[in-house]
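All of the numbers you see were taken from the coordinates with simple rules; none came from a lab. Bear in mind the structure is a predicted one, so any value in this text is a computation, not a measurement. When we count neighbours, we look across all protein chains shown, and the Cβ atoms used for this are built from the backbone with ideal geometry, even at glycine.
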2 protein chains.
Amino acid sequence: MRLVDFRPDRAWSIDVFGSVGLTQAPITAPLASGGVLQAACFRLDPGGRMGRHPATYPHVFAIVEGKGWVGGADGRPHAIGAGEAVFWDTGEEHEIWTDDGLTMIVIEWTAEVRPYERPS
Amino acid sequence: MRLVDFRPDRAWSIDVFGSVGLTQAPITAPLASGGVLQAACFRLDPGGRMGRHPATYPHVFAIVEGKGWVGGADGRPHAIGAGEAVFWDTGEEHEIWTDDGLTMIVIEWTAEVRPYERPS
């Protein structure tokens, strides 16, 4: 049993890609250290935005609190909120923003991972 | 951009290991389908418990809402809550329970992943 604290006081601000009101608190060691995945908690303050950029690795935004919008390759806003996950492919342009604030667990990986598909 | 809905109405109950008040909603496809990780949202109702069992894969409980206790190899209760992550090794006995309810993102993997370590 090993514990990692990712509460807000362990987070730091990120302003790359023109992001505003965005903080990150790591849960795992970074991919650069050799693992197959990295996970972190990202929080957007009310009015915050993670600026548009291409995905470095395939990853998922799992929204766990709050709501906002994502924009993908077509740039159109798509409303998302707690209990929704958005998968991005490597190189895919994407952004996320919020009026009310949101919290998400972001998981990135270096190998094959597929979204869940409901049995039809 | 691919979306996966993991809200409570997409979850189902799990009663293995003597678990009570526990539901799971997948975010990724299962490890059995060949990926290197699987992620899902687990929710414990107030008074709920995931029963004690050895970890099948290394994994992390990232608590995103609520609070409760975990017990690891030594069986002693350890208080945990939103913003804390608990890593388990393969084979490690563990359990989690709550009086008030909690929600966690659970990530399991098949290869090397390490917890985040704060710079000292």
If the chain between B:ALA111 and B:ARG2 were fully extended at 0.36 nm per residue, the gain over the current Cα-Cα distance would be 36.8 nm
Cα centroids of the stretch B:20-46 and the stretch A:41-64: how far apart, whole angstrom?
-> 21
Peptide B:83-90 - average C-beta neighbours from other chains (10 Å radius) | 5
Residues whose modelled amide H sits under 5 Å from the amide H of B:ASP99, counting only those 5 or more places away in sequence or on another chain, are B:GLY47
Between A:ASP9 and B:ASP99, what is the FRET efficiency for a Förster distance of 30 Å, r being their Cβ-Cβ separation, to the nearest 0.05?
-> 0.75
For B:23-29, what's the mean count of beta carbons from other chains sitting within 10 Å of each residue's beta carbon?
-> 5
Per-residue ³J(HN,Hα) for the stretch B:19-29, Karplus 6.51 cos²θ - 1.76 cosθ + 1.60, θ = phi - 60°, Hz, x for Gly and Pro | 5, 9, x, 10, 10, 10, 10, x, 10, 9, 5
Under Stokes-Einstein, with the Kirkwood radius over Cα pairs standing in for Rh, what whole-number D in µm²/s applies to the stretch B:10-109 at 4 °C and 1.567 mPa s?
-> 97
